Amino acid sequence: MLRRPTYSKLQQCLTALKRRSGRGRSVAAELAAERHKLNERIKELDCLYSLSELISPKDVALEETLQAAVAILPPAWQYPAQTTARITLAGQQYLSASFREGRWCQTAEIPSPAGPLGTVEIFYSGELPPADEGPFLKEERALIEAVALKLGSFYQQHQAAAALRHSEAMYRSLADMMHDVVWTTDLDLKLTYLSPSVEKALGLKRQDLIGKTLMRSMSAESRSQARDLLQAEIARDNQPGIDPDRAISFECAYQPSGEATVWFENLATFIRDENGRACGLHGVSRDITERKQAALERERLIAELQQALSEVKALSGLLPICANCKKIRDDQGYISQHSQALFSHGICPDCARLLYPEFKPPK
């Protein structure tokens, strides 16, 4: 048979139940606090991930990207409804929706090797409980610093890419306007770039030559010389004291199918990788066909003149003889004045008077 509990016993049980209930509420509060912290870290990570996705494409517009970046910042802070953000970069400001400067501000400079490029600012409005940095958490300080670092890196890469695009556009514009042919190849002499001027110079389509070897249309002799020269220069490249930026000069003859030979004067330098090793060639070729033809014609004329002079010297020992009396003629210093000329037989003055009395030589 059960005994009825005494009043004191009931009091003890009630106290124990209250104690257990208090511990349960404390555990629940601790779990809620940890859940809140975890949610805050998730928001911060989402912010950094979204920012990385925004700035990762290489061809994004700067202004649009920064405006999108400032919009994703307020939700990442502890009190998003009371948060606004401002990014100041390169003299331009980008504001979050319904921007206002609040009572509390957390700021980070956007870094670069040359100094700060701007700032990232987070504003809190209204009364908020204190935390690690005013109402801001220490994790939010780490977040804003990470955002500023990413924006600085993005801006520098964007400016470098823009400068590179401008440089390439200028280079290609100059190459397109040049009469000389600008080209690049790999070490197998396969063409990786050709300026449009090659079409006028060789009468061949540029797109038909890209990816083909530079020596494809060369004469056999020029092809052999170019190959030997490249091998020699690559071998020299490993020797101490050799200038890595040296220019390589050579002439070559091209023979496009069904066309006359075209001569080019070439000036080339090595393209080098990040380790300084030669990985290709960059060169400029000038059409010297007219100059080459003029030089060949000059050599031909010089050879003909030398042959003519040798024939004159061979005949310079002959003496002029009168065709009638067979005497050696020396009228008016003939021999001394014309000893280097080619002579034919003529009539001396005495025979002329005898044979042609009516002829009177001029006085």
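Sorting Arg236, Arg141 by the number of Cβ atoms found within 10 Å of their own Cβ, with the fewest placed first, yields Arg236, Arg141. What separates the Cα centres of region 112-188 and region 49-110 is a distance of 14 Å. Between Ala61 and Ala161, the simple spin-label model (points 7 angstrom out along Cα→Cβ) gives 1.5 nm.
Quick check: from the Cα gyration tensor, does region 179-293 come out rounded (a/c under 1.5), prolate or oblate? Cα axes put region 179-293 in the prolate bin.
Looking at region 68-165, the GluC sites (Glu not before Pro) that sit in a DSSP loop and have at most 14 other Cβ atoms within 10 Å of their own Cβ are Glu101, Glu127. Which residues does a label at Glu53 reach in region 68-95, if reach means a backbone N under 19 Å from a point 7 Å past the Cα toward the Cβ? Within reach of a label on Glu53: 68-77. For region 157-174, 3J(HN,Hα) computed residue by residue from phi via the Karplus equation (6.51, -1.76, 1.60; θ = phi - 60°) reads 5, 5, 5, 5, 5, 5, 5, 5, 4, 5, 5, 5, 5, 5, 4, 5, 5, 5 Hz, glycine and proline entered as x. Loop-resident trypsin sites (Lys or Arg not before Pro) (DSSP state other than H, G, I, E or B) in region 39-111 with no more than 14 further Cβ atoms inside 10 Å of their Cβ: Lys58, Arg100, Arg103. With both labels modelled 7 Å from their Cα along Cα-to-Cβ, the Arg141 to Ala308 distance reads 9.8 nm.
Every number in this text was worked out from the coordinates using simple rules, so none of it is lab data. Bear in mind the structure is a predicted one, so any value in this text is a computation, not a measurement. Positions of Cβ are backbone-derived with ideal geometry, glycine not excepted, and every protein chain shown enters the neighbour counts.
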